[in-house]
Structure formats: structure tokens, C-alpha cells
1. When you check Ile302 against the structure, is it in contact with a Ser or Thr (Cβ under 6 Å, 6 or more places away or on another chain) and surrounded by fewer than 15 Cβ atoms within 10 Å (Cβ to Cβ), yes or no?
2. Output yes when any residue across segment 160-182 is at pLDDT 95 or above and either of a type outside the set (S, T, N, Q) or under 26 Å from the mean Cα position of the chain (by Cα) (or both), and no when none is.
3. Kindly establish whether Val582 is modelled with pLDDT of 95 or more and among the β-branched types (Val, Ile, Thr).
4. Of the residues Leu53, Leu127, Leu65, Leu161, which single one is assigned to a strand (DSSP E or B) and outside the structural domain of Ser564 (by TED's automatic domain parsing)?
5. For Val195, are the conditions met, namely being surrounded by 17 or more Cβ atoms within 10 Å (Cβ to Cβ) and in contact with a helix residue (DSSP H, G or I) (Cβ under 6 Å, 6 or more places away or on another chain)?
6. Given the criterion at pLDDT below 95 and not hydrophobic (A, V, I, L, M, F, W, C), identify the matching residue among Arg40, Arg59.
7. Among what's in segment 413-422 and is surrounded by 15 or more Cβ atoms within 10 Å (Cβ to Cβ) and touching a residue at least 24 places away in the same chain (Cβ under 8 Å), pick the residue that is farthest from Lys442 (Cα to Cα).
8. Sort out which residues of segment 510-528 are in contact with a strand residue (DSSP E or B) (Cβ under 6 Å, 6 or more places away or on another chain) and at pLDDT 95 or above, and write them in order of number.
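The values are calculated or read from the model by the stated rules, or taken from the named source; none is laboratory data. Source: prediction; values computed, not measured. Note that each Cβ is placed from the backbone with ideal geometry, even for glycine, and that neighbours are counted across all protein chains shown.
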Amino acid sequence: GNENGVGTGFVIDSDGLVATSLHVIGEARMVEVLFADGSRHEPVAVHAWDRALDLAVLRLDRKGLPTLSLGDSDALASGEKVIAVGNPMGLERSVVSGLISGFRRFDHSRMIQLAIPIEPGNSGGPLFNPRAEVLGLLNMKSTLTANLGFATPINALKPLLARPNSMTMNKWLRLGALDEGLWTSSMGALWSSKVDRISVQGKGAGFGGKSLCHFHQEPSTLPYELKVRVKLGDESGAAGLIFGSDGSERQYGFYPSNGQLRLTRFDGPSVYSWNILSQVQTPHYRLGDWNTLSVRHEKDRISCFVNGQLVIESKDRALRLGQVGLAKFRDTQADYSNFMFNPTPAEKVPFEPDSDLTQLLAKIQTHLGDNPSSMQALSASIGDQSPDQLQDLAELLERRTDQIRRLALESHRIQIQKQLRTELKQSEPQRNLLRAALLVAKHDYPELNIKAYEDAVNRMAGDIRDYHSTEGGESDLIQSLIDFLFKENGYHGSFSDYENAANSYLNKVIDDREGLPITLSVLFIELADRLGIKHVTGLPLPGHFLVKHQPQGGKVALIDVFNSGKQLTFDEADALALQYQVNNVSSEYMASATKRDIIIRMLSNLRYFTRSNSGLRDSLPYLDLMIAIDEEDAGLRLERATICLRIGRRDMARSDFEWLLERRPEGLQLDRIREALRSL
């Protein structure tokens, strides 16, 4: 196929291990390794990888390779001389020298700052000291100056080699690939997916860089509705919905293009057969942000909406029924989420605001531009409204926007509290652990599509049934589940970025295939349930959550999902607890965690990580969730009251202090609570 990019790597083991950056090999992409002698080799596996560190190790079917020596990046100091080797802009085996100019942290990862220019093609290349020891892997260039770059320390690679999370290339090429049961792409570009999100990059093969992605379900009658959220990497691009498609060159398209909304009818492959039916500029479109596009296709009209507002109507009837889906144009990078096709829409009248403010905003948006004629047209359009009035309007809108966004977020969080409380108030067998864990994630990701992730877990269970023997006993099924997650699909514990909040969100764990012991345990438990494996629960070992399988009349198995599904004895589990300075733990007699216990522990992790990384205020929403689940927990109430007192939320502090004094729980110093209440 076509070459989509070039990077650099180096041999770290004579039996065929090659280190590079993860972004060099990408996901669902063919990879080829070219050696200096001209030989080419396709990897047989991705031996190890870490998304947070942007590291990957490829395995080649080749022995006796010369290797590079790995140094100690912890011993580095600013001012040391270093040498970088790579293929900048495709210029093979280029060498440049420079200095260590410092150390920086990006997203919890420590990076080496270099007084060396780094260009595309350098990524993954070795950074040497004068003794020819590798100190790091070249990673990225600075956005501030051309002569500054960054490298990942080589010591970050060493734990990966000790705990590889290998995946065959056949599996790797399907990682992030489109679900072939739902979508078919055409006309080039690289389409990929992660449960509820589809991404596209690269130029399409159609005219104007056009590339299509058709949804397999087709409308059988009119009317029907389509909806998708879309975000463009660059507003000069174009990407959105298609409908009425023949699967090739003919279809309607509704999409943003250069900041405007456009409805086009494509009648063929060339620009002469493209008919722009309508193109509008609207204040309802949010530049550089996610926007919801929707289309209602009826017998006598096409109605197009952005963020719930009607922006285009057309009476065009040239194309009727046909396929629906997504499209992109030019060299656009775009992300899509929450695609919805509704074959039987309800009757509804679109909301069309007509307030003076909306009309004024529409006038301003229509005439915005950098040239004098645009400014003159705007001045004529708004009449006597002075520049001072416009400035006042801008400041008012900024304040109102901030207030409304805070209100929307608070309203969303209250809804999640109610849903989570309702879910966990049921009896233990009725509680849906998967849904509850996804609600925790939705608390911080409001647009998360819970059903999409429930469907993804169901498909994973189906894959295990299809490709593994399910005829043996429960122990055989457990081993099939372990093999599926850890040997074949690369799920692993997040050793390098443990306190990253993403590791506590089940949607991110499913997408990124790494997480904390407890989130990986939730996935394991839920898959076991779908496979009909009984008595699989969580074991709440202090500091390190485990999975427990207790077959009826059989031997108990403890499974460490953080360490590739390693099975532990009770003594090994007790020793693991000792690593976290917890004495006198007897895992053999420890009760299994209830589903409610698991969710509380997940929230407690988020509260702790957020407090450590962002401060008290940002940890408060997780306390709110925990109290919504366990309203009678006096310790949580006291903690929330104390935090609210410190950050100035006096009404909330007063409410919790009064609650504590009314119930008078044992073990609390009520005199100090009364004193705190008087201070308010």
C-alpha cells in the first residue's frame, strides 16, 4: 500500500526486538522495518507498548541482530552532550549533536528537553551519550522554537521489557479498525474507531479529497433522521453526514466547511457534478469545538440542523432513498461520535429562536471578517449600536456563557448522582456493575454513550465464545478469558501512569486497553458474567484489587488482572498487601466486594488522584457521588464539610455540619463540629 509516514527505531535485543515511539507505528496500520543493509521485515508482533509513554517494541522474525546498549537516563544532568540519530523528513540516518537543556513533565510523563531540532521522521530514534549508550527515544519537537525537542527517557522503556503486553500483528491491525459489521469505508483515507467514536485522517482518493464511510443499515422509507457529533482538526477542512447515497459517487452531504454549513448534492465524481444547494454562516456553529449535525429527510423537504437549530431547508428531491453515513473532504482530520440513524422519527417542530439577541448575533456572525467591507457591512447592519455597546454585549455573553456552562455541568452531575444511587439501591443480584462503572465515567464525560460500551462488552464476550472452546469447565473458561484479554488483545496494568484519572474510567480502559486493578477487574467480572461463569467477584485487597473465582466445590483462584491475569495463592496475595504497608491481611477469609463496594472504591481512587494532582476543589464532585450512594456515611459528610469550609462553600459546609449534629454519629468530636458551625 501507500506509505503513510516514516519514523525511526533501534534494535534492543538480538532476537529481533526493535524499540520506537507508539505514534510511529499507529494503530490498525501496516508496519515495515527497513535496515541499513536494505532488507525489509514485517513485524510478527507488537511485543510491548504503552500509550501514556508513547512507546512501542516490535518483534521481528530475525535472529542475531546487532544491538545498542541502554544507558541510565536517571543519571542525566542539564548541559550534557548528546547525539541524536533519525530520518528527519525522510533523510535517512541523519546525525545531529546537541545538549540536554532540562527536564519537563507532560501529562504526568517526564521528558528530556533537548537543544536539538526534531522533525517528522526523527520520532523513535535513539538519543546517545558520547559512550554510545542510548539515553532516550526522540519524541517530539517544541511548538515554541525550532531548535528545541523532547525525548522519552530510556528508563521508561525498561519496565515495559520486564512486563511485555504482546499482541500479534493480525490482532494489532484490527486494533482500532472499523467494525465491519456496521461500517464500510471507501475512497481512501484512514478510518478508525473506538467503540463510540470514529476518526479519519489522510486525504481521500475521491475528487477534492473525498472519502466515504457508509453505515450498513439503510432507510426503507421516508422520513428518517440522522445525527452525529463532529469535530474538525482544522476548520479549513470539511466533514459531516451523507445520505441518499448510491454507495459511490451520488449522495447528499451536510457538513461544515470553512466555518460555514453546507448542503451539497453530489451527482458524480467531478466538481462539475457537485451542486451546492445551500451554504450558510450561523452563530449556532461552534468553531474548533464539537458540533451536533442532524438531518431530517422527508418526502417533500430536507431539514438540516446544527446543535439543535434549524439552519438549512431544501425542497430538492433528486435523490431519495439510499445509504447513509459519514464523509470527509480535502486533507481533513475529523472525529465523529454518537452517530444515530432513526428510521421512524417522531413528528416535531424545530425550535427557532427569534429573540433580539439571537438576531443581533446572527447579523454579527454574517458580517464577521478581516476586510474593511465586512466591517462597514456590520456597522450598517446594526445601526446605532456603538462599539461600547458591542463590548458590553461581549462581556455579558462571556459571563452568561460561563454561568450557563457551570449550571449545565452541575445539572448533569446531579442527574448522574440520581442514576447511580438508583442503580446501587437495588439488591446485589439486580445491580448492573457495568452500567454503574460507566455512569462514573459519564460523570466526567457527559457525551459518553453508555449503550455503545455495553454493546462492546457484549461483542467481546461473543468473540470469546466464537474463538475459544467453551465446552470445558469453568476453570477452562476463566483461562480463555485471561488469554483473550491479556495475551491476544494486550490489556495491561498502567504501570507508568498509575494516577492518571483515565485509568479509573471504564470507557478509557476499554479504549486504551490499560487501567487500574479495579477497573480491569470490573471488565473481567462483567465478561465472566456474560460467559456464564458463576462466582466471579472482586477481592478488595488493600492497595491492589484482585478477582476471585470460587467454583462450587472447587479450588479458589485469585487472579491479578493488573499483571496479565497471573493467578496467585492466598499467601502471595497477603504478601502483595504487605507491599502497601498493610499488615495482618488474610485474603483467604476476606469477604468479596459487593458491586456497591467496587463503585465506592473507584470513586475513592478518583477523589485521591484528583486531590493529589488538582487540589481539594476538584475532588469535591467525587465526594458528592459517594455521599449520594451512601447518604448515612458520617465520615464522608465530615470530609465534605471540612473541604467546603476551606474553599469557601459555606452553605454546603453548614448543611453537612447540621446533618452531623442532628444524627450525632459515634466517634466524632461534636464540640469541634459545633465550633466550626458557629464560625459560619
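1. no
2. As a first pass, look at segment 160-182 and keep what is at pLDDT 95 or above: none.
So far as segment 160-182 goes, no, none of its residues is at pLDDT 95 or above and either of a type outside the set (S, T, N, Q) or under 26 Å from the mean Cα position of the chain (by Cα) (or both).
3. Details: modelled with pLDDT of 95 or more: no; among the β-branched types (Val, Ile, Thr): yes.
No: the conditions fail for Val582.
4. On the way: Leu53 fails: assigned to a strand (DSSP E or B); Leu65 fails: assigned to a strand (DSSP E or B); Leu161 fails: assigned to a strand (DSSP E or B).
Criteria check complete, one pass: Leu127.
5. Working: surrounded by 17 or more Cβ atoms within 10 Å (Cβ to Cβ): yes; in contact with a helix residue (DSSP H, G or I) (Cβ under 6 Å, 6 or more places away or on another chain): yes.
Spelling it out, Val195 is indeed surrounded by 17 or more Cβ atoms within 10 Å (Cβ to Cβ) and in contact with a helix residue (DSSP H, G or I) (Cβ under 6 Å, 6 or more places away or on another chain).
6. Numbers: Arg59 fails: at pLDDT below 95.
On inspection, the qualifying residue turns out to be Arg40.
7. Arg421
8. Initial filter on segment 510-528 (in contact with a strand residue (DSSP E or B) (Cβ under 6 Å, 6 or more places away or on another chain)): 511, 514, 521, 524-525, 528.
If the condition is that a residue be in contact with a strand residue (DSSP E or B) (Cβ under 6 Å, 6 or more places away or on another chain) and at pLDDT 95 or above, then Ser521, Phe524, Ile525, Ala528 are the ones that fit.
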